[in-house]
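Here's the structure, in structure tokens; my notes come after.
Laboratory data are not the source of any read-out in this text; all were calculated from the coordinates shown. Predicted model only: the values in this text are computed from it and were never measured. Cβ sites come from the backbone with ideal geometry, for glycine too, and all protein chains shown count toward neighbours.
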């Protein structure tokens with residue numbers, strides 16, 4: 001049998017134990033060492049599919065050793081974690097050959113659950129476990145899978161991988177006998193996976209004795225899942241859509257409240273996270289998570305930032321409801337012919353506002369630039385550090401300019417408003433030259449994600 005080997009290079013007992021346990025549970029074979037020299041020898045002698053490397057190991061090695069290591073693993077995949085929150089360092093490791101780079105804002109648990117897709121796609125299949133089926137939840141949802149495997153009186157394990165988590169459901173003679181997602185087991189684990197609408201699945205034939213750990217029938221589990229799903233959606237509606245970003249605040253007061261929360265969950269929400277990723281955490285079921293978040297919100301323990309596209313629409317709606325304001329000319333004015341060309345270029349109707357995203361590295365100077373350009377005051381998009389202005393550039397023609405910081409977090413959490421935009425403006429200043437590598441990386445990333453017109457403005461740079 002081919003072993004799916006993953007090389008762990010670290011010297012932190014907690015991380016090592018967590019990764020080993022998680023890998024073994026998912027059917028992988030972990031190999032551990034604490035130096036790059038030893039790692040090079042292991043890579044030469046063994047068939048390693050993926051390498052998980054702690055940045056702290058690199059800091060104790062000489063540069064030639066590090067470069068030599070990346071040469072050894074050029075045929076495989078290296079995932080680096082615990083890297084300082086420095087854009088240029090992340091780029092340097094990508095250039096060396098790292099496939100994924102996680103900075104110190106990622107917990108060990110989050111790193112592992114984020115690379116499960118990579119583990120699943122790169123590790124070779126085990127030939128002695130023929131697949132009965134494989135596919136995507138978008139094409140065949142979990143309730144239908146459960147009904148099908150039940151009708152066929154199947155024996156085996158159904159493995160499901162979503163964007164933020166993964167789990168297993170064991171079948172015996174078509175009945176669900178056991179299930180696990182992170183720390184959740186039994187009925188709770190099944191209900192948790194029933195929330196997942198996107199992901200991949202594989203079913204493998206295996207022989208195992210019945211455990212009777214789940215007493216509900218398949219139909220009973222589906223009914224329970226639907227009942228809890230409706231309750232979950234009602235509670236989540238109080239918080240916001242899935243792309244809403246949450247962060248824990250007033251943690252000291254939380255310890256004096258009657259809200260009991262696992263330490264790992266508190267660590268998870270100390271940093272900004274989207275609601276959809278929090279709901280799929282490995283510590284609580286989705287229903288339990290929604291209950292906790294609702295109590296935290298009502299107790300004033302959460303900062304909640306709704307998706308920018310909802311707030312932009314809301315800001316525009318509020319402005320329109322205020323009635324027509326006294327029109328101010330912006331610094332940019334188009335002749336009728338130029339306005340027609342502009343409308344044609346962006347393929348918009350005469351009644352539609354042209355939405356442009358202004359990316360800059362300094363949000364305060366971004367706002368000043370927008371105000372000077374528009375000739376009117378800045379509108380703050382509530383619950384977000386983004387500003388916007390409406391510019392009347394011709395009779396009946398309006399440009400909505402939205403100021404956004406140029407960074408990884410903004411690109412990751414505000415995809416919908418970028419999809420609705422008609423074009424991008426990148427504004428770089430002379431101070432940005434020192435961080436040019438990172439800014440160039442972000443610009444290239446933006447260009448690769450969105451097929452939209454883009455212009456770059458540079459100010460304050462002498463020849």
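Quick notes on this one:
- For residue 291 and residue 338, the difference between the fully extended length at 0.36 nm per residue and the C-alpha to C-alpha distance is 11.5 nm.
- Distance between the 7 Å Cα→Cβ label points at residue 61 and residue 373: 4.5 nm.
- Length-normalised contact order of the stretch 180-310 in % [C-alpha pairs under 8 Å, at least 6 apart]: 34
- Annotation: Cα Rg of the stretch 120-272 relative to the compact-globule expectation 2.2 N^0.38 Å equals 1.20.
- Gyration tensor verdict on the stretch 1-64 (Cα atoms; rounded if a/c is under 1.5, prolate if a/b is larger than b/c, oblate otherwise): oblate
- Calculated FRET efficiency for the pair residue 345/residue 457, C-beta based, R₀ 22 Å, to 0.05: 0.80
- Considering only alpha-carbon pairs that sit under 8 angstrom and 6 or more positions apart, the relative contact order computed for the stretch 130-203 is 39 percent.
- Full-extension gain in nm, residue 223 to residue 437, via 0.36 nm per residue minus C-alpha separation: 71.7 nm
- Computed from the Cβ-Cβ distance with R0 of 51 Å, the FRET efficiency linking residue 45 to residue 257 stands at 0.40.
- Here the simple spin-label model places points 7 Å from the Cα toward Cβ, and for residue 208 and residue 363 these points are separated by 4.7 nm.
- Classified by the C-alpha gyration tensor, the stretch 217-300 has a prolate form. Its axis ratio a/c, with a ≥ b ≥ c, is 1.5 or above, and a/b is larger than b/c.
- When each of the peptides 420-427, 246-253 is scored by how many other beta carbons lie within 10 Å of its residues on average, the order from highest to lowest is 420-427, 246-253.
- Spin-label pair residue 270/residue 29, simplified geometry with 7 Å Cα→Cβ offset, distance in nm: 3.7
- Förster radius 45 Å - calculated FRET efficiency between residue 14 and residue 144, Cβ distance, rounded to 0.05: 0.70
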